[in-house]
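Report on one structure; see the data block that follows.
The values are calculated or read from the model by the stated rules, or taken from the named source; none is laboratory data. This is a predicted model, so every value here is computed, not measured. Here the Cβ positions follow ideal geometry from the backbone for every residue, glycine too, while neighbour counts run over all protein chains shown. Heavy atoms of the whole protein, side chains included, go into the accessibility calculation; ligands, DNA and RNA do not. Shrake-Rupley method; radii C 1.70, N 1.55, O 1.52, S 1.80 Å.
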Amino acid sequence: MIMYVAPNELGLRQQNKVEKSQRIRIAARELFSKHGYESATLRQIAKRAHVGLGTVFNYAQDKRDLVFLIFNEELAAVTDNALRATHSHRPLLDQLVGIYKPYYEYYSKNPALSRILLKELTFYSEGKQAAIFQEIRERLISGIENAVQTAQQEGRIRSRAEARVVARHIFFVCSGAVRWWIASLRPDPHEVLTELRRLLELQINGLYPARSNRVNGIASAIPA
């Protein structure tokens, strides 16, 4: 027997789900900030959100998954903003710094919560929110790949490596830089962008001192 659900009832159900999800996110954010990730419990979060513990499990598989329930929507918006930097023909170095600038600004707003996120995303592959997070990360890497590929096609850089491999290399360097920076007592997004530029410049210029070819002021990673 097929149950008929009126459109307005379906709308109310969906609205109720969205409201519960929002309350859970707010409660988790508040308790993680106040008590820390390790001390805050799912039961406390459910109580603060005025939902049953079972309802929390409808949205997050465990406490780690709950971290990404908090952040995924915001990370998606930050990634949208970051990828705008790829739609230009500026030097690749400037594009890459422009891509990561929104992330540093976002993480610096709440370093304590950002440390939780950056710690917990390591090996994060299972959970109700995992697929959403992985899609966001894939969009970032693909955006970097497109910027690299365009720079190769326009002759602004020279490299025999596949753009995808170069993009992953850049992503790994920047991910490590983010963790190094967020561990400081007062992470400043402006100071770290200068440091990030130095790291990326080294990566793009390579380590060939005399035989490097320079294109638009950036040395290629290929010996002449």
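Residues of region 151-161 that are in contact with a helix residue (DSSP H, G or I) (Cβ under 9 Å, 6 or more places away or on another chain) and surrounded by fewer than 16 Cβ atoms within 10 Å (Cβ to Cβ): Ala161 alone.
If you check Arg115, Arg164, Arg158 for being charged (D, E, K, R) and under 29 Å from Thr55 (Cα atoms), only one passes: Arg115. Please indicate, with yes or no, whether at least one residue in region 66-89 is outside any helix (DSSP H, G or I), open to solvent by 60 Å² or more (accessible area, probe 1.4 Å) and of a type outside the set (Phe, Trp, Tyr). Yes: one or more hits. Are any residues in region 13-32 closer than 17 Å to Asn72 by Cα and either within 24 Å of the chain's Cα centre (by Cα) or outside any helix (DSSP H, G or I) (or both), and if so, which ones? Correct list: Val18, Ser21, Gln22, Arg23, Ile24, Arg25, Ile26, Ala27, Ala28, Arg29, Glu30, Phe32. Residue count for region 69-118, restricted to those that are farther than 21 Å from Gln129 by Cβ, out of contact with any helix residue (DSSP H, G or I) (no Cβ under 6 Å at 6 or more places or on another chain) and of a type in the set (Gly, Ala, Ser): 1. Is it true that some residue in region 137-150 is in contact with a Leu (Cβ under 8 Å, 6 or more places away or on another chain), in a helix (DSSP H, G or I), of a type in the set (D, E, K, R) and surrounded by 14 or more Cβ atoms within 10 Å (Cβ to Cβ)? Within region 137-150, one or more residues are in contact with a Leu (Cβ under 8 Å, 6 or more places away or on another chain), in a helix (DSSP H, G or I), of a type in the set (D, E, K, R) and surrounded by 14 or more Cβ atoms within 10 Å (Cβ to Cβ). Residue check: is Arg48 open to solvent by 50 Å² or more (accessible area, probe 1.4 Å) and in contact with a helix residue (DSSP H, G or I) (Cβ under 8 Å, 6 or more places away or on another chain)? Answer is yes for this residue. Do any residues in region 13-35 that are free of Cβ contacts under 8 Å to residues at least 24 places away in the same chain have Cβ atoms under 6 Å from those of residues that are in a helix (DSSP H, G or I) and open to solvent by 80 Å² or more (accessible area, probe 1.4 Å), where the two are at least six apart or on different chains, and which pairs are they? So the pair list comes out as Ala27/Arg48; Leu31/Gln44.
Restricting the first member to region 84-106 and to residues that are free of Cβ contacts under 8 Å to residues at least 12 places away in the same chain, and the second to residues that are not in a loop (DSSP other than H, G, I, E, B), the beta-carbon pairs closer than 7 Å and six or more apart or on different chains are Ser88/Gln95.
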